[in-house]
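The values are calculated or read from the model by the stated rules, or taken from the named source; none is laboratory data. Treat the numbers as computed from the prediction; the structure is a model and nothing was measured. Every residue, glycine among them, receives a Cβ derived from its backbone with ideal geometry; neighbour counts consider all protein chains shown. Quick note on the areas: whole protein, heavy atoms, side chains included, nothing else; ligands and nucleic acids left out. Shrake-Rupley method; radii C 1.70, N 1.55, O 1.52, S 1.80 Å.
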Amino acid sequence: MDGLFEVVVFLAIATVGAALARKLGLLAPIVLVVAGLVLSFVPGFPHVRLDPDLVLVGILPPLLYVAALETSVPAFRHNLRPILWLAIGLVIFTAVAVGFVLHALLPAVPFAICLALGAVLAPPDAVAATAVARRIGLPRRVVTILEGESLLNDATALVLFRVAALAAVGSAVGPGEVSLEVLRSAGGGVLVGALGAVVFGFVHRRITDPLLDNALSLIIPFAVVFVAEEIHASGVVAVVVTGLALGHRLPVLMSAASRLQVGAVWRLVRFLLEGLVFLLVGLQLPDVLQDLDEPMGRLVGVTAAVIGTLFLARFAWLFPLTYLTRLVPGVRRRGGERKPVKYPLVIGWAGMRGVVTLAGALALPFTVSGGEEYPRALFIWLAFAVIVVTLVGQGATLPAVARWLKLPPDDPVQDALSAAGVQQQASRAARDRLNELADSAPGPVVERLRRVVEERTNLAWEQLGGTERETPSQAYGRLRQEMIDAEREVFRLARDSGRIPEEVLVRAYRDLDLEESLLRRESER
């Protein structure tokens, strides 16, 4: 019961913290990390020691899976080159840079274990990157690159961490062993992910009950990770591959009712897990400080050096990647027009670290080759300090940086024009199908359906107009909302007076709720 009570308390705090963040116009991850830091010093507050396996197998997979489900595969493919350069090249470059700096400051500590810490510090957090980028409204291509980087960089970091940790404890690690580890981890992850997409896509296609579709969707990331870990492949890669493949095919794998429910369920799961993750990070401070006995001057100097290296390494990699690679003719042809310097600046500033970094640090070996000890507590502190400084510092200032750089937003007129053009094609297809089947239904029904098609087309083209006055569709939504409220009140009074049973009220409210949801969606366009 105590464990269940603590979970409920943490979820309640995460919910209140997210609500407070929205009220204050702040980013929820920052508010929750700060709340965790404060609560960690409150006497009697529940103490939780973060388990690396819980993070890497229990929390990270569902968050990566839902992020992959919502990622546009065409956009991901179009930006694959910068995504891979960041998710693979930048992680390795950053890990090596941190390893060399840390080894130079602590020459008695073997380079291999310094590189292992560099590997866990290198990848920006998947949760923080997407939460912050979407919240502040960065351009769509920037968000796609950040999301793609965060989906894949953990796999690179974990492979490098395993190799470096093995070398640190005295195992012989040569080019052959490294190649085998990469092949088994990345290649095995891709194979498991592809197999998961085929198997679960087959099952989804044959399920007609939305509740079963929801249950299966919640099981998929864990099933894929367990299979991948069993063969020592990358569970991160497996989950991302499965999520991308199923998300791209979701319109043909699930019914409309299943898609609506799955979307709602995953929004709730992501909201709760993200809140819980950032709160737990802040609550780890007492454990991080417990075994830390470094002199203050050394502690501050090493911490500043590592954080500065992480910050500079990201920019040192991004600018050559953005501009020097364009000297290659093939890259220049595929890359389109030259991007202003503001793009790599904002991508470079969005290097927030998160819970995976702390989980990796907690998984560091206790001793190195020959049973020798090293300042493990200092390494864990460095991971924690990097998370807090990058998340609170860069995360809090990223909106201001984006405003200062004046990044051009996505053109809403172009979006509306594209949507209206496709909607017109869709309406034409709908009318053609209706004309084919018109003889099988009464004339008034056919005419009513023709009006529905016409209204949907008009609604799409109305988005191209200005916002100075109310459009016909907006007027319709406003008046229909008042009508729905009146209908709800009649049904409620009828239930209270005993004229209808509860079941009738529930069915009526469900239909009215669905219609209101559609009205709200159209009004938000």
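Before moving on, here are some points about what is shown:
- Check on Leu37, under 22 Å from the mean Cα position of the chain (by Cα) and touching a residue at least 24 places away in the same chain (Cβ under 8 Å): no
- Of the criteria (1) open to solvent by less than 10 Å² (accessible area, probe 1.4 Å); (2) modelled with pLDDT of 90 or more, which one Val227 fails: (1)
- Members of the range 29-50 found to be farther than 15 Å from Phe384 by Cβ, small (Gly, Ala, Ser) and open to solvent by less than 40 Å² (accessible area, probe 1.4 Å), listed by number: Ala35
- Meets criteria (open to solvent by 30 Å² or more (accessible area, probe 1.4 Å), over 20 Å from Ala383 (Cβ atoms) and either assigned to a loop (DSSP other than H, G, I, E, B) or in contact with a helix residue (DSSP H, G or I) (Cβ under 9 Å, 6 or more places away or on another chain) (or both)) for Leu56: no
- Check on Pro61, within 23 Å of Gly235 (Cβ to Cβ), open to solvent by 10 Å² or more (accessible area, probe 1.4 Å) and either over 19 Å from the mean Cα position of the chain (by Cα) or not β-branched (Val, Ile, Thr) (or both): no
- For the range 233-264, taking the residues that are touching a Ser or Thr at 6+ places or on another chain (Cβ under 7 Å) and not in a helix (DSSP H, G or I), the one that is surrounded by the most Cβ atoms within 10 Å (Cβ to Cβ) is identified as Ser234.
- Those residues of the range 353-383 which are more than 29 Å from Ser150 (Cβ to Cβ), crowded, with 18+ Cβ neighbours inside 10 Å and among the hydroxyl-bearing types (Ser, Thr, Tyr), in sequence order: Tyr374
- Hits in the range 8-28 - residues which are part of a loop (DSSP other than H, G, I, E, B) and surrounded by 13 or more Cβ atoms within 10 Å (Cβ to Cβ): Leu26, Leu27
- Residues satisfying the stated conditions in the range 30-58, i.e. within 21 Å of Ser234 (Cα to Cα) and of a type in the set (D, E, K, R): Asp51, Asp53
- Counting only helices (runs of 4 or more DSSP H) wholly contained in the range 368-438, the ones carrying 2 or more residues that are of a type in the set (Phe, Trp, Tyr) occupy 376-388.
- Considered as a group, the residues in the range 64-106 that are of a type in the set (Ser, Thr, Tyr) and either part of a helix (DSSP H, G or I) or open to solvent by 20 Å² or more (accessible area, probe 1.4 Å) (or both) include one that is modelled with the lowest pLDDT, and that residue is Ser72.
- Within the range 246-276, considering residues that are touching a Gly at 6+ places or on another chain (Cβ under 7 Å) and among the aliphatic types (A, V, I, L, M), the one farthest from Val66 (Cα to Cα): Leu253
- Of the residues in the range 276-283, none is open to solvent by 20 Å² or more (accessible area, probe 1.4 Å) and more than 29 Å from Val386 (Cβ to Cβ).
- Total residues in the range 131-160, condition at pLDDT below 80, open to solvent by less than 20 Å² (accessible area, probe 1.4 Å) and of a type in the set (Gly, Ala, Ser): 1
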